[in-house]
Each structure stands twice: as structure tokens, then as C-alpha cells.
1. Within segment A:79-116, how many residues turn out to be assigned to a helix (DSSP H, G or I) and either open to solvent by less than 30 Å² (accessible area, probe 1.4 Å) or of a type outside the set (S, T, N, Q) (or both)?
2. Out of the residues in segment B:200-219 that are within 14 Å of another protein chain (Cβ to nearest Cβ) and in contact with a Ser or Thr (Cβ under 6 Å, 6 or more places away or on another chain), which is most open to solvent (accessible area, probe 1.4 Å)?
3. Go through segment B:155-171 and give me each residue that's in a helix (DSSP H, G or I), surrounded by fewer than 20 Cβ atoms within 10 Å (Cβ to Cβ) and under 23 Å from the mean Cα position of the chain (by Cα).
4. Could you check segment A:132-162 and list, in sequence order, the residues that are exposed (fewer than 15 other Cβ atoms within 10 Å of the Cβ), within 26 Å of the chain's Cα centre (by Cα) and touching a residue at least 40 places away in the same chain (Cβ under 8 Å)?
5. State all residues of segment B:172-199 that are in contact with a Gly (Cβ under 8 Å, 6 or more places away or on another chain) and open to solvent by 20 Å² or more (accessible area, probe 1.4 Å); if no residue qualifies, say none.
6. Just for segment A:330-363: of the residues that are facing chain B (nearest Cβ under 9 Å) and modelled with pLDDT under 95, which one is nearest to A:SER250 (Cα to Cα)?
7. Looking at A:LEU76 and the list (1) assigned to a helix (DSSP H, G or I); (2) touching an Asp or Glu at 6+ places or on another chain (Cβ under 7 Å), which single condition is not satisfied?
Amino acid sequence: MTTAKTFAEISTLRERNALAVKEAKDKGLRVVGTYCLYSPSELVVAAGAIPVMLCGTSQNPIPAAEKVLPRNLCPLIKSSYGFAATDTCPYFHFADLLIAETTCDGKKKMYELMGEMKPLHLMQLPQLQDDAALTYWTGEMKRLKSRLEKEFAVDITDEKLRDAIRLVNDERRSLKEFQDVCKHDPAPISGMDMLTVLHNRGFSIDKQAAIDLVDRLTAELREMADTGISPFKPATPRILLSGVPVGIGSDKVARLIEECGGSVVCFESCGGYKKVDPIEENGDPLAAMADRYLQIPCSCMSPNQGRFNLVEHLVREFHADGVVDLTWQGCHTYNIESYRLKKHVQETADVPFLQIETDYSESDTDHLKVRIEAFLEMISRPKRAGKNPVEPKTA
Amino acid sequence: MVSVGIDIGSTATKAVVFDGRILGHAMEQTGWDPKDAGFRAFRSALDKSGITEDWVGSIVGTGYGRVSLPIFTSRVTEITCHARGAHHLDPATRTVIDIGGQDCKVISLNQDGSVADFIMNDKCAAGTGRFLQVMAGILDISLHELGALAADAEPAPLSSMCTVFAESEVIGLLARGTAKSSIAAGIIDTIARRIQGLAGRVPFRDTVSFTGGIAQNGDICTIIASRLGTRLHVPVGPQFVGALGAALIGFDES
């Protein structure tokens with residue numbers, strides 16, 4: 001859809017990087033697999049190892065996972081486990097160590113089973129964001145540091161850690177600038193293409209190369225935006241997709257929104273805008289990391305005011321006409337939080353809100369289409385009639 | 001200008017002909033061929049209106065089968081159409097409860113009849129016309145008889161909203177000798193509780209219009225209204241509200 005040249009390169013990154021991981025392993029490099037935004041990749045980089053995202057966004061391995069896990073569990077947990085159990089994720093296959101966190105009940109119990117397949121380091125994540133929790137979480141950062149040092153026989157110095165923080169901060173800067181091009185109305189890239197970029201770059205083994213690639217794409221997209229090139233019309237409803245993590249394979253709702261005539265301009269999820277804030281580069285590096293990571297507004301935190309503020313802010317920044325809040329079946333925290341988020345959005349931003357609870361399968365596609373189309377009709381009728389005029393904006 | 005709205009639902013297909021007033025309407029069973037049902041309802045409604053196809057300026061499709069017919073000039077979801085139709089029939093309408101064959105929804109309306117918010121059941125038959133049909137089938141009575149039987153009975157406690165589980169629960173109650181009337185009341189109470197659950201999620205304001213085929217059954221309406229603690233306004237021809245809304249939208253846009 002997009003005509004940006006660099007997009008084609010990024011869209012094949014996942015496949016190409018599977019080979020690159022193998023070559024890196026052959027050269028003796030260590031690979032550390034992660035699932036979640038709470039995994040501090042800075043420590044992995046500082047240990048001289050390669051951090052990679054592991055697979056967990058496809059329906060394919062779910063039947064295999066259901067031989068062990070309950071059926072009514074979150075599809076993300078089942079998919080992650082299924083990929084591991086069937087050895088169909090090359091990144092899992094080549095990983096020397098996994099980093100996991102106790103974000104939710106389903107994940108932490110699944111990790112007990114996954115730990116039987118691979119060395120797995122579990123970080124105990126506190127679920128509130130106060131000083132006592134920060135002290136505890138800083139201890140967890142130290143424990144991971146010791147594990148990596150022991151596992152890979154390296155010394156993680158403060159200097160190495162500061163370099164790693166600078167590199168990953170640059171990655172955050174690059175990802176923020178990339179996503180910010182969609183503040184332009186109409187957006188120069190579709191939500192599906194944006195998701196492809198956000199998803200694929202996570203499998204990149206060379207962080208600097210991935211940063212350069214995304215920066216190049218951002219420059220092209222800015223140029224397109226300046227010359228008015230967009231896959232959308234000015235009247236296309238702009239949707240903020242909030243909630244659970246999405247990736248390629250679990251993109252059903254993003255895809256349906258765009259098939260039904262909307263434009264997903266921002267992903268508030270872990271792979272999207274939840275990960276753009278930088279770590280403080282001065283002071284004690286481990287404490288600074290602990291502080292930033294603990295502030296991630298995941299629904300596993302209680303209370304989680306940070307997410308309400310983030311969504312409110314993103315609706316305004318991205319000129320969203322509506323919020324779709326996605327919940328994976330069995331994800332109690334996002335599911336329950338949706339009720340208060342809806343109230344917050346309606347009180348502070350006055351835009352329509354639609355919660356969708358679903359899984360990775362295609363079984364409810366027609367049913368979801370009715371709801372998504374009706375939601376877009378609700379937004380676009382007044383928009384067309386000029387009751388909610390779109391002001392010209394610049395990126 | 002004549003506008004036709006066609007609502008192809010999972011059970012019945014409805015068509016309404018409108019030119020500033022309702023000229024005629026028709027209903028056909030959808031069966032296995034939604035496209036054919038759409039054509040049949042279209043022709044039948046035109047016949048009843050005494051006009052020919054050449055006069056028709058717009059044909060708006062809605063319902064699950066809205067993708068089926070090539071003759072549609074536009075397609076609009078049943079949520080928008082029900083809001084528009086119910087508001088036309090009673091401009092005081094601020095909430096629409098619609099129980100269709102395979103879904104149920106609660107729609108909150110703005111003063112002008114546009115949709116302010118809505119909620120719809122998930123991919124499950126709980127709270128739908130299909131649920132009632134299956135339950136009436138187990139009791140070996142018609143939907144109409146189900147309502148009449150339930151009218152003055154104390155509802156038997158039925159905890160399952162799932163059609164499959166409720167079926168085994170009903171069979172269990174029958175085996176224990178629970179009165180049929182009490183089971184019938186329990187079945188309708190299940191629907192009412194499901195609607196109550198949905199209604200809590202969107203602004204629920206008077207006047208509440210009740211649409212869809214089930215709304216024709218006065219006894220069922222009474223039980224649902226008392227569970228919700230509100231009066232339900234049932235428009236004339238409640239199953240045609242979606243098709244009327246589609247016809248009105250076509251009329252507005254041309």
C-alpha cells in the first residue's frame with residue numbers, strides 16, 4: 001500500500017534475520033529471547049549478547065499449546081508456549097537464555113512449564129509503582145545482571161551499561177519519530193504497514209542497523225506527508241488502537257478497522273507507544289532503568305493511572321476520532337480496566353470508545369465487522385456532515 | 001424519490017419501501033440463500049407498494065446479508081439502521097433494544113437519532129432469538145406459547161445463558177418435575193438478565209424502543225420490562241425497524 005522504498009526492506013526483515021541469528025550463533029554470539037516490554041534489553045546488550053523478540057502472535061501453534069494449557073487462556077500465552085513446544089520459532093530455537101516476567105497469572109504459570117525447555121530467568125515484577133516497589137524492582141535488575149554475567153562469563157560494567165542505555169534510547173527516539181508521522185492527517189502510512197514495521201524490527205539482531213532503517217523510512221514518510229501522499233482520504237476516521245499487545249498474525253482487529261474504512265493512526269500497545277520514553281542517562285544506570293521500566297503503564301499494574309493519561313494524551317496528539325480498546329480473551333486485567341478507560345476517555349476526550357474482546361482465530365470476523373463498521377459509521381456520519389470538522393494539521 | 005431498505009437477517013429478510021412515507025413492506029424467510037431472500041423481499045415489497053423497479057432511486061442493504069446483493073446502492077450496519085428507524089417511529093427514542101435471530105444489542109441514541117454508543121453480544125447465542133427458539137423447542141411449544149405460559153409464573157432459576165448449557169439445565173429441571181410454566185418464565189428471565197447486563201454498559205435513557213421479531217410477543221416484553229425496571233415502547237412492526245432505517249438513510253442521502 002505504502003510507496004516508501006524502505007518499507008519493502010523492513011517487511012522481509014523477520015525472515016532474513018532468522019538466518020542472521022543462526023550465523024551469529026555460529027560465530028559464537030549469545031542470544032537472549034524476550035517476550036515482554038518489561039525485559040530490559042539494555043542489560044542483554046551490555047552483556048555482549050543479542051536480544052531478540054520471541055514469536056507469540058500466530059494462531060498456528062495454539063492447538064499444540066492446548067494439549068497442555070487450558071483452552072480459555074489468553075491466545076498470546078498459548079501462542080508463545082505453542083511456538084516453543086513445537087520448536088517453530090527460530091528465535092526461540094537459537095536462544096541461550098529467556099527473560100520472562102511475572103506480569104500476569106497466566107504468563108507466570110506458563111513460564112514454569114516453558115522453563116523446562118530452556119534456561120529461563122524469571123523477573124518478579126511488582127505490580128504497583130511506589131518507592132518500595134522501585135527498591136524491589138531495582139533488586140530484580142541486579143539479579144538479572146548477575147545471572148547474565150554468570151551465564152555468559154562477562155562483566156557488565158556501568159560504562160557498558162551506559163552505552164547500552166544510549167543505544168536503546170536512540171531506538172526509542174527512532175520508534176517515536178516513526179510513529180509520530182501518523183500525527184499527519186491523513187496519515188502517510190496505513191496502520192497495518194506501521195504494525196509490520198513495529199513488529200519486524202523487533203526481530204532485528206543489529207540494533208543500530210534497525211534504527212538506521214527505521215529512520216530512513218521515517219524520512220521517506222515525512223516527505224510523502226509533505227507532498228500529500230496517503231493511502232487515506234481526509235474524511236477517513238482516525239482510530240487509536242489501545243490495549244493488549246498486537247503483532248503480525250494477531251493483527252485481525254487492526255486489519256478489520258482498515259478494511260472497514262478506518263485508519264489506525266496509533267498503537268498504544270507494548271510494541272507501539274508504550275515503549276517510546278527514554279531512560280535517564282545520568283546517575284546510577286541500574287536504578288535509572290528500574291525507574292523507567294516500572295513506569296510502563298501495563299494493565300497488570302494497580303492502580304494504572306499512567307495508561308489513562310497516556311491514552312488521553314494520544315487521542316489529542318494523534319487527533320483520533322475514536323478509541324478501539326482490544327482485549328485478548330482471558331486477559332482479565334485489560335478486560336476489567338476497559339470499563340474505567342472508557343469512562344476516562346469519554347470524560348476527558350469526548351470521543352467514541354469501542355471495546356473488542358477476541359482471540360487470534362478468524363471465527364468471529366463477520367461479527368466483529370458489524371461492530372467495527374457501526375463504530376466507524378457512528379464517527380464518520382457527523383464527520384462528513386461537518387459537525388466535527390477536521391482542522392488542517394501538520395506533522 | 002423512492003428508497004428501499006432491505007434487512008437480510010439470519011432468520012428473516014425484511015424490505016420497506018419509502019418515499020416520504022412508508023409505501024409498503026414485505027418479509028421472507030432468509031433460509032440458506034440470503035441473496036435470493038433479498039430479491040424476493042425486494043420484489044414483494046415493490047408489488048405491495050404498487051410500483052415498479054424503475055421508480056426506485058436507492059436500495060440500501062443492512063443485516064448480516066448486506067454483503068450479498070449486488071443491487072445495493074449502499075450498505076449500512078443494522079446498528080445505525082435500527083437507531084434511525086426507531087427514532088423515525090418515535091422521535092423520543094434514546095435507547096433501542098434489539099433482539100434478532102443471532103444477536104442482541106442495546107443502542108444509545110443522540111437526540112437527532114444518530115448512534116451515541118452501542119453494545120452487542122459476543123459470538124454466542126446467549127440473549128438472542130435463537131436461544132428462545134431452542135428453548136421453546138425443548139418444551140415442545142411455539143415462541144408465542146412460551147410467552148403466554150411464562151406470563152404469571154414464578155421463574156425457575158436458570159444460571160446458564162449459554163444455549164447449549166441452558167438446554168441441559170432445562171432438561172434437568174423437567175426431569176425433576178419443575179412446572180413447565182416456571183421453566184418458561186426462567187428462560188425469558190435469562191434473556192432479560194442478558195439484556196440487563198448489556199444495558200449497564202451504555203447510557204440507558206427513556207424512551208426505550210424494543211425492536212426485532214421477539215418484541216411482537218407481549219408477554220415476553222412485559223417480563224423484560226419488569227426486569228429492566230422501565231417501560232418498553234414497541235413500535236408497530238418491530239421486525240421492520242432495521243429495514244425502515246435503511247430506507248430512510250437511502251432517502252436522506254439521495
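The values are calculated or read from the model by the stated rules, or taken from the named source; none is laboratory data. For clarity, every value in this text was computed on a predicted model and none was experimentally measured. Positions of Cβ are generated from backbone atoms using ideal geometry, with glycine treated the same way; all protein chains shown enter the neighbour counts. These area figures cover heavy atoms from the full protein model, side chains too; ligands, DNA and RNA do not enter into them. Shrake-Rupley method; radii C 1.70, N 1.55, O 1.52, S 1.80 Å.
1. Final tally of qualifying residues: 22.
2. Looking at the filtered set, the residue picked out is B:PRO203.
3. B:THR163, B:VAL164, B:GLU167
4. Of everything in segment A:132-162, just one residue is exposed (fewer than 15 other Cβ atoms within 10 Å of the Cβ), within 26 Å of the chain's Cα centre (by Cα) and touching a residue at least 40 places away in the same chain (Cβ under 8 Å), namely A:LYS142.
5. The answer is B:ARG194, and nothing else.
6. Taking segment A:330-363 as the starting set, the residues that turn out to be facing chain B (nearest Cβ under 9 Å) are A:339, A:342, A:346, A:352-355, A:357-358, A:363.
Filter again for modelled with pLDDT under 95, leaving A:346, A:363.
Values: A:GLN346: 27, A:SER363: 13 Å.
The extreme case among them is A:SER363.
7. If we test A:LEU76 against (1) assigned to a helix (DSSP H, G or I); (2) touching an Asp or Glu at 6+ places or on another chain (Cβ under 7 Å), just (2) comes out false.
Residue-by-condition table, conditions (1) over 15 Å from the mean Cα position of the chain (by Cα); (2) hydrophobic (A, V, I, L, M, F, W, C):
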residue	(1), (2)
A:LYS183	yes, no
A:ARG201	no, no
A:ARG216	yes, no
A:LEU221	yes, yes
A:ILE229	yes, yes
